[in-house]
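The values are calculated or read from the model by the stated rules, or taken from the named source; none is laboratory data. No experiment lies behind these values; they were computed from the predicted model shown. Glycine also receives a Cβ, built like all others from the backbone with ideal geometry; neighbour counts cover every protein chain displayed. Ligands, DNA and RNA are stripped out before the accessible areas are found, and what is left, the full protein with its side chains, is counted by its heavy atoms. Shrake-Rupley method; radii C 1.70, N 1.55, O 1.52, S 1.80 Å.
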Amino acid sequence: MSKIYKILPCIYLYNGKVVNSLNDKNVIDNDPLAYAKRLNELNVNDILVYDMSEGMTDADHEKALDIIKDICNASDASIIGTGNIKRMEDVKKLLYAGCQKVAISYIDKKNQDILAEVSDKFGANKIFALYSDVSIISECKDELTSYVSELLYFSDKEDDLGKNTLDLPINLVVSNFKDDAASYEASIKKAGLEFFSMKPSFKWDELKKNSDGLIPVIVQDYKTDEVLMLAYMNEEAYNKTLETGKMTYFSRSRNELWIKGETSSHYQYVKSLYADCDLDTILAKVKQIGAACHTGKYSCFFNEIAKKDYVEKNPQKILQNVFDVINDRKVNPREGSYTNYLFDKGIDKILKKVGEEATEIVIAAKNPNSNEVVYEMSDFLYHMMVLMAEKNVSWEDITSELARR
């Protein structure tokens, strides 16, 4: 068991629904996206999505890929795609759908033939080997260590895990996973794993406490960097946070430990913890479920005291704000709007403008002064966002793809 790296819940996709397992096609959820979101709220790090469309029509396979894409977009867990893989093109389709990695099944020996090709094309760090028979793994030891980064063990015979001799981390796929925290923790304990456990670079004794023996914790949304709240930790809260991955604090008013979300289910899952230069303040970046504030507001910081007018410089906010306006024009047309003119003319006109603006960038870039190229790039980005809105592509789709590269 010592080589086990983590366990993975699996979403078995069959006819657009989630079923129990490969051999049990009883439906457990009619909405795969909703099921994935529930897993996401359990703070799982990885989810295996199994496309069971093999032997069905091409349309069924494409439908499964569309569902996988939706799951990838909605989840901040790493999605590993598998199932219905016969050639490199199938691996490419899963990666293009948004899967961070692809598992090639060694249950079917025929899939071994494409391993070197896909590993060379996409990199071993993108490829897992999915297996249920230790003897197959032993036979292919040399190529596996060369062509894949990790193993996925796909069987209920957990005793076989210890028989594996490859120097690769093993991921245990839990076929009877239930989408609730108690079952998840039970599965992990059964496999002899720790539930979460982060290894800190600083022990509690190395941090500087205030006069009450506490350390203030500033909490941010890990995606947007929005400041959500301020709370305090004592040693027990600090260690509990590291152990469970759920933000745990010390309540000064109640003089007791409290897990954020324990009563409201608005948990904060740890993404990172940093100490400041004096080691007397912690910055926590978290995945916030629901609202951070007890008032129901997302952030506790909503009472404006004073504010100056200023020009927003945050690129993320500016691009999203412009994109929001473009999407609003699409839904709520405004007479005389150039954006609505483009939408009315259709995709060919939009593509023509994108091409023209790209050419303008090339011409402007030949000039020594950068002012013109900045202006043309801004024009291009605007028209690109119109195209994004027309094709229902979001900035998160783009940034997620860039982050995977």
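The figures follow:
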quantity: Residue-level accessible surface for K208, protein heavy atoms, 1.4 Å, Å²; calculated: 120 Å²
quantity: Convex hull (Cα only) mean projected area of region 315-404, reported in nm² to one decimal; calculated: 6.7 nm²
quantity: Spin-label proximity, D76 to region 283-315 - amide N less than 17 Å from point 7 Å beyond Cα toward beta carbon; calculated: 283-293, 298-300
quantity: Set K101/K330; K223/K307; K126/K199; K25/K246; K37/K285 screened for pairs whose C-alpha atoms are more than 28 Å apart; calculated: K101/K330; K25/K246
quantity: Cα-projected label distance for K317 with S378, points at 7 Å along beta-carbon direction, nm; calculated: 1.8 nm
quantity: By accessible area with a 1.4 Å probe, ligands and nucleic acids excluded, highest first: order of C300, C277, C99; calculated: C277, C300, C99
quantity: Sparse-neighbourhood loop sites, GluC sites (Glu not before Pro) in region 249-325 - DSSP loop, at most 16 other Cβ within 10 angstrom; calculated: E262, E304, E312
quantity: Label-point separation in nm, N332 to I347, each point 7 Å along Cα→Cβ; calculated: 2.8 nm
quantity: Chain lengthening between N367 and F301 when straightened (0.36 nm per residue, less Cα-Cα); calculated: 19.1 nm
quantity: Segment E62-D205, length gained on full extension (0.36 nm per residue, minus Cα span); calculated: 46.0 nm
quantity: Spin-label proximity, S272 to region 222-259 - amide N less than 18 Å from point 7 Å beyond Cα toward beta carbon; calculated: 222-229, 242, 245-247
quantity: Where I28, I114 fall by accessible area, highest first, once all protein chains stay in place (1.4 Å); calculated: I28, I114
quantity: Relative contact order for region 204-288, counting Cα pairs under 8 Å that sit 6 or more residues apart, in percent; calculated: 31 percent
quantity: By accessible area with a 1.4 Å probe, ligands and nucleic acids excluded, highest first: order of D328, D90; calculated: D328, D90
quantity: Sulfur and carbon atoms: percent of accessible area, region 218-334 [1.4 Å]; calculated: 51 percent
quantity: K69 accessible area, assembled protein chains, probe 1.4 Å, Å²; calculated: 100 Å²
quantity: Paired Rg and Dmax values of region 204-288, which use every Cα atom, in angstrom; calculated: 12.0, 34
